[in-house]
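Written below as structure tokens is the structure these notes are about.
What follows is calculated from the coordinates using simple rules that are stated; it is not laboratory data. Source: prediction; values computed, not measured. FYI the Cβ positions are ideal-geometry reconstructions off the backbone, even for glycines, and counts take in every protein chain you see.
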Amino acid sequence: MKNREFIENLILNIISPLISIFIALFFGGIIIYLLGHNPWETYKEVINFALGNPNGWGYVLFNTTSFILAGLAVAIGFKGGLFNIGAEGQILVGGLISALAGLYIAPIFPSFLHLPITLIFSALGGAIWAFIPAILRARLGVHEVINTIMMNWIGYALTNYLVVNTFRERGVLYPLPQTDKLPSSAVLPKLYPIFQKIGINIPESNPVNYALVIAILMVIFTYYLLWKTKLGYEIRALGLNIHASENAGINVKNIILITMLISGAMAGLASINDVLGYRYRYLDNFSHGLGFTGIAVALLGKNHPIGIIFSALLFGALDRMAIGMDVFTHIPREIISVLQAVIILTIVVGNEVLIRFLKKRRKAIYA
Amino acid sequence: MLETIFAWETLTSAIRMATPLAYASLGGVFSERSGVVNIALEGIMLFGAFFAAVGTYFFKNPLIGVLFSIIAGTIIAFIHAVVSIKFKVNQIVSGTALNMLAAGGTTFLSRLIFKAAGSSPHIEGFTPIDIPIISKIPGIGLIFSDLSPLIILMLVIVFMSQYILYKTAFGLRLRAVGENPQAADTLGVNVYKYRYIGVLISGILGGIGGAFLSLEHARVFVENMTGGRGFIALAAMIFGNWKPIGSLGACLLFGLAEALRMRLEGVGIPTQFIQMIPYILTMLVLAGAVGKSTPPSADGVPYEKEEI
């Protein structure tokens with residue numbers, strides 16, 4: 001009995017994602033072949049580029065950091081039955097507010113508080129941007145999908161306006177659409193010294209930074225929140241059956257609001273890897289679809305924090321490989337979003353097929 | 001400023017801007033009336049816009065461009081149909097994946113085919129048509145002159161769809177599988193077949209809507225040029241109570257907002273705030289539609305045939 005459950009879980013949670021990754025890579029191989037390259041050689045080259053050296057590992061971990069946080073943000077929503085497709089806008093607003101807090105609010109406080117302030121404001125910014133769709137869903141019952149997407153476009157326009165017109169960097173001849181540089185007390189240090197100490201020679205130029213540690217802490221936090229607290233229980237109950245939750249006396253409206261705000265806060269935090277850990281300033285539209293990758297990360301990771309670590313690692317590696325592909329073969333790196341979509345579709349379809357298969361088998365056993 | 005807003009030109013451009021939305025919105029009506037939520041419309045439009053540009057660019061004929069956009073839209077809709085009808089996957093997840101596929105795929109292909117980042121070369125759309133006699137009337141005649149054939153086609157299709165959905169057996173069956181699939185099934189209606197048809201029609205219409213954007217509106221394909229119009233079209237569909245003519249009305253409202261938006265550019269309001277207008281209007285419209293419009297009862301619910 002226990003054994004069968006174990007095998008079924010293994011098939012659903014490990015084998016099925018692996019199959020979908022394989023299908024996506026196969027599909028990518030066809031594209032590479034059609035463009036006149038040898039898929040096998042190309043894959044070998046880009047995998048070596050991404051994973052064959054410490055600098056590559058550092059970049060993969062750097063990408064993974066943002067993907068973990070964005071994946072967690074989307075997964076928290078999914079667990080509560082909510083579609084937060086607005087992570088992208090929440091990341092932009094969170095990033096900008098965090099940078100502004102570092103520039104204008106932090107200096108009022110002693111320096112040991114600077115970093116906590118920028119971190120808290122990144123989460124706050126994300127939550128603020130999630131608040132409007134959240135309240136519209138909780139109070140009026142407007143479905144969050146279209147609203148969160150509209151908030152993405154509004155967020156993009158608003159942050160663009162603010163960083164171009166109001167908070168653009170000063171003191172340079174040709175200012176970019178970005179803020180001033182943050183004080184070093186308000187940013188996240190790089191991780192290469194730690195890696196070098198344990199013998200992994202990640203160069204100083206590598207962007208992997210302490211945001212990775214925060215991402216891992218957030219994985220633990222999310223697990224604890226969802227499975228060890230009353231609130232988490234209520235969120236999951238809501239995701240399973242909204243009517244049953246209501247009958248069981250759960251305050252559905254409040255839980256919807258809270259879930260959405262936590263999801264938004266997590267999305268806001270997904271900005272820190274770039275804003276506080278890499279550029280040390282907010283650059284216009286730096287996120288480049290990170291919020292949407294978060295959807296793929298969450299689905300491939302089965303909305304489970306541990307699964308999300310692995311799927312974020314995979315997408316982190318794929319992203320690095322795409323850059324290698326661009327360099328070696330001039331195949332546009334947008335191939336990656338195509339593969340992400342293929343992974344989402346195959347994983348959800350594969351799930352259905354496997355669940356049906358397992359059900360049939362179970363029936364056959366008990367018939 | 002007021003003269004520039006209250007001008008016949010504003011109304012003409014409102015109709016132009018409403019056209020791609022109306023195609024997509026009508027597509028949404030067919031899909032959701034049959035019981036399948038189709039947020040992939042955004043991606044369908046984007047593929048439509050791209051392949052219309054490709055077809056027109058290589059064959060120098062906008063008709064081939066539209067044909068290409070229809071084929072592309074239908075293929076994407078077919079994937080959405082298989083994933084959500086046959087495999088009963090969450091329809092929003094499927095739609096989101098297809099939107100990502102469209103955003104990445106069209107950018108990818110555009111850079112490969114046109115060898116340039118950002119946009120395609122200039123493309124020639126259809127020759128505009130003047131409606132005889134009425135177009136000569138001063139003022140209001142402006143609305144009836146210089147019309148894209150796709151605008152006229154849109155109006156024809158909208159009214160035809162209203163008739164088909166409410167006055168024909170086909171329309172009755174399509175609506176029945178979206179309202180109460182069990183009952184429809186008992187009466188011998190093939191639920192799956194009608195849902196496939198509903199989604200595929202949305203692919204055709206969404207594709208043409210996208211074609212209008214690249215062929216008639218911009219005369220060029222620009223990466224991610226749909227800019228959320230697929231979702232705005234869905235909001236219009238909801239506001240129009242899932243009915244063809246109602247949706248057209250809502251699309252005209254959005255078209256007017258876009259026309260005003262274009263008129264307002266250059267009067268001192270920062271462009272970013274002007275850009276927000278349609279998105280904010282969408283959210284207001286959705287909030288306003290609460291309690292006033294009702295979706296088909298089985299909208300978004302996969303149908304599981306009872307096993308006997």
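Per residue of A:136-143, what is the mean number of Cβ atoms on other protein chains within 10 angstrom of that residue's Cβ?
Taking the mean over all residues of the peptide, I get 4.
Sorted fewest first by neighbouring Cβ atoms within 10 angstrom, A:SER263, A:SER311 come out as A:SER311, A:SER263. Between A:ILE31 and B:ILE152, the modelled labels are 4.1 nm apart [label points 7 Å from Cα along Cα→Cβ]. All other residues whose Cβ lies under 14 angstrom from that of A:ASN303 are scored, Lys and Arg at +1 and Asp and Glu at -1, for a net of +3.
Taking the number of Cβ atoms within 10 Å of each Cβ as an exposure proxy, the fewest-first ranking of A:ASP284, B:ASP130, A:ASP319 is B:ASP130, A:ASP284, A:ASP319. Only one residue of A:HIS288, A:ILE242, A:ASN209 has its Cα farthest out toward the positive end of the dipole of region A:63-316, where Lys and Arg carry +1 and Asp and Glu -1 on Cβ, and that residue is A:ILE242. Here the simple spin-label model places points 7 Å from the Cα toward Cβ, and for A:ASN9 and B:ARG219 these points are separated by 6.3 nm. Among complete DSSP H helices in chain A, those whose alpha-carbon atoms stretch at least 20 Å along the helix's long axis and whose mean Kyte-Doolittle hydropathy reaches -1.0 are A:16-34, A:54-79, A:114-135, A:144-161, A:211-228, A:252-269, A:305-329, A:335-366.
Averaged across B:235-245, how many Cβ atoms of other chains sit within 10 Å of each residue's Cβ atom?
That average works out to 1.
Most tightly packed first, judged by the mean number of other beta-carbon atoms within 10 Å of their residues, the peptides A:350-358, A:323-331 read A:323-331, A:350-358. Can you check what the net charge comes to around A:MET321, using other residues whose Cβ is under 15 Å from the Cβ of A:MET321 (Lys, Arg +1; Asp, Glu -1)? Charge balance in the 15 Å sphere: -2. Legend: translational diffusion of chain B by Stokes-Einstein, Rh = Kirkwood radius over C-alpha pairs, 37 °C, 0.692 mPa s; D = 167 µm²/s. Strictly over 29 Å apart at the Cα level, which of A:LYS79/B:LYS305; A:LYS79/B:LYS86; B:LYS88/B:LYS243; A:LYS302/B:LYS243; A:LYS359/B:LYS193 would you flag in this model? Long pairs (Cα-Cα over 29 Å): A:LYS302/B:LYS243. Partner aspartates and glutamates whose Cα lies under 16 Å from the Cα of A:LYS230, excluding those fewer than 8 positions away in the same chain, are identified as A:GLU246. Here B:LYS136 is the anchor, and the aspartates and glutamates within straight C-alpha reach of less than 18 Å, apart from those fewer than 8 places off in the same chain, are B:GLU9, B:ASP146. Positive end of the dipole of chain B (Cβ unit charges, origin at the Cα centre): among B:PHE58, B:ALA184, B:VAL156, the Cα lying farthest that way belongs to B:ALA184. For the peptides A:67-73, B:68-74, the ranking by mean Cβ contacts within 10 Å, running from highest to lowest, is A:67-73, B:68-74. Per-residue mean of foreign Cβ neighbours for B:83-93 is 4 (Cβ atoms of other chains, 10 Å radius). Each other residue within a Cβ distance under 14 Å of A:ASN55 adds +1 if Lys or Arg and -1 if Asp or Glu, for a net charge of +1. The mean sequence distance of close C-alpha pairs (under 8 Å, at least 6 residues apart), as a share of the length of chain B, puts its relative contact order at 36 percent. Close amide H pairs (under 5 Å, H built 1.01 Å from N) link B:ILE129 with B:ASP146, B:LEU147, B:SER148, residues at least 5 positions away or on another chain.
Note on the protein assembly as shown: dipole from Cβ charges, positive end direction compared against A:THR64, B:SER145, A:GLY95; the farthest Cα belongs to A:THR64.
Each peptide among A:131-138, B:139-146 gets the average number of other Cβ atoms lying within 10 Å of its residues, and from highest to lowest they stand as A:131-138, B:139-146.
Quick one: dipole size for chain A, taken about the Cα centre, charges +1 on Lys/Arg Cβ and -1 on Asp/Glu Cβ, in debye to the nearest 20.
My answer is approximately 1100 debye.
Only Cα sites of region A:63-316 enter the Debye sum here, all with the same form factor; the resulting log10 I(q)/I(0) across q = 0.12, 0.13 1/Å is -0.67, -0.78, listed in q order. Across B:VAL54, B:VAL285, B:VAL156, mean-square fluctuation computed from a Gaussian network of chain B (C-alpha pairs under 10 Å connected) peaks at B:VAL156. Taking one quarter of the surface of the C-alpha convex hull of region B:120-221 gives a mean projected area of 9.0 nm². In a fully extended conformation the segment linking B:VAL82 and B:ILE140 would gain 16.2 nm over its present Cα-Cα distance, using 0.36 nm per residue. As a proxy for reagent exposure, B:HIS80, A:HIS288 were ordered by neighbouring Cβ count within 10 angstrom, fewest first; the result is A:HIS288, B:HIS80. Membrane-span-like helices in chain B (whole DSSP H runs, Cα extent of at least 20 Å along the helix axis, mean Kyte-Doolittle hydropathy of at least 0.5): B:41-59, B:62-81, B:91-113, B:149-167, B:191-211, B:244-264, B:271-289.
Using +1 on the beta carbon of Lys and Arg, -1 on that of Asp and Glu, and nothing else charged, what's the dipole of the protein assembly as shown about the Cα centre, debye to 20?
1360
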